[in-house]
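J.: Please find one structure pasted underneath; my questions will follow.
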């Protein structure tokens, strides 16, 4: 990618520490600012720091550029930081800027202005921790807002290879090992006993299926709702990578996975009877990492 001469100047600015302070609203997790503060200095570049595991950015009336520094409160050399990625998801109304990723001393285009509305999720290594958000010159900026959510995603969790946005190549749909299954039921964002009974929608990357759970061991974010009544079950949508397939009805499965941007993604999913045998054996030998009520 060839950069314009003035962009080269901004790359230099990116690599230098500047003391300029932006008069914007920030709580370390989320940031909201306005380009009107330098409307008459359209080549100004401001620094933004985001230090949490998830949050959002909203840049109203974008002009000039901002550098978004991802600095979560994790020691770079710690085991927790190893394998961590940052994923961003533009909001449906986002527009008005190009988003670049600082890479090897230069800039790589991550998201073009015209692609904000495609509901894409984009991930990059935490080691590449700066985003360069460049406003697209406009005569009328009154209706331009650049906005996205972000979150940290570990590539070392049991089902990480089934989250398609972490990988440029094909998703790996291999079964989880016994150790991964036992850990998944204890540490996943959701875990339950249930079946898939229909496909709600699909895309090139994933199938969105409806799951009904007769037992819910754990969940974050309330993605599964209690149906009540005679059914006495939980139901919700689960995303499955397209190439991994969804098995409708039949045997019950242990469904585990992670929550990303408010949506459930499947990870380890053995047949429930196979998991139960594995769990009983692990409990007998005291190698199970946690206790769950399987009765």
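Throughout, read-outs are computed from the coordinates displayed, never taken from laboratory work. A quick note: this is a predicted structure, and the numbers were derived from the prediction, not measured. Using ideal geometry, Cβ is built from the backbone for each residue, glycine included, and neighbour counts are taken over all protein chains shown.
J.: State the extension gain, in nm to one decimal, for the chain segment bounded by residue 112 and residue 128, taking 0.36 nm per residue of separation less the distance between their alpha-carbons. Can you show the working numbers first?
T.: Details: separation 16, 0.36 × 16 = 5.76 nm, distance 1.85 nm.
Taking residue 112 through residue 128 to full extension adds about 3.9 nm, to one decimal.
J.: A follow-up question, please. With the cut-off at 1.5 for a/c, could you classify segment 133-205 from its C-alpha gyration tensor as rounded, prolate or oblate?
T.: Working: a/c = 2.65, a/b = 2.21, b/c = 1.20.
In terms of gyration-tensor shape, prolate.
J.: Residues of segment 119-161 with backbone nitrogen within less than 17 Å of a virtual label 7 Å along the Cα-to-Cβ line of residue 92, please, listed as ranges.
T.: Correct set: 119-121, 145-149.
J.: I'd like the FRET efficiency for residue 247 and residue 139, computed as 1/(1 + (r/R0)^6) with the beta carbon distance as r and R0 of 35 Å, rounded to 0.05.
T.: 0.05
J.: In terms of the Cα gyration tensor, with a ≥ b ≥ c the square roots of its eigenvalues, is segment 205-246 rounded because a/c is under 1.5, prolate because a/b exceeds b/c, or oblate?
T.: Prolate, since a/c reaches 1.5 and a/b exceeds b/c.
J.: Describe numerically, in nm with one decimal, the distance between label points set 7 Å from Cα along Cα→Cβ at residue 155 and at residue 280.
T.: For residue 155 paired with residue 280, the spin-label model returns 4.0 nm.
J.: If you split all Cα-Cα distances of segment 164-284 into 10 Å bins from zero, what percentages do you get per bin, shortest first?
T.: 13, 47, 33, 7, 0
J.: Determine, from the Cβ-Cβ distance of residue 30 and residue 227 and an R0 of 35 Å, the FRET efficiency 1/(1 + (r/R0)^6), rounded to the nearest 0.05.
T.: Here the calculated transfer efficiency is 0.55.
J.: With r as the distance between the Cβ atoms of residue 73 and residue 199 and R0 = 30 Å, compute the FRET efficiency 1/(1 + (r/R0)^6) and round to 0.05.
T.: It comes to 0.15.
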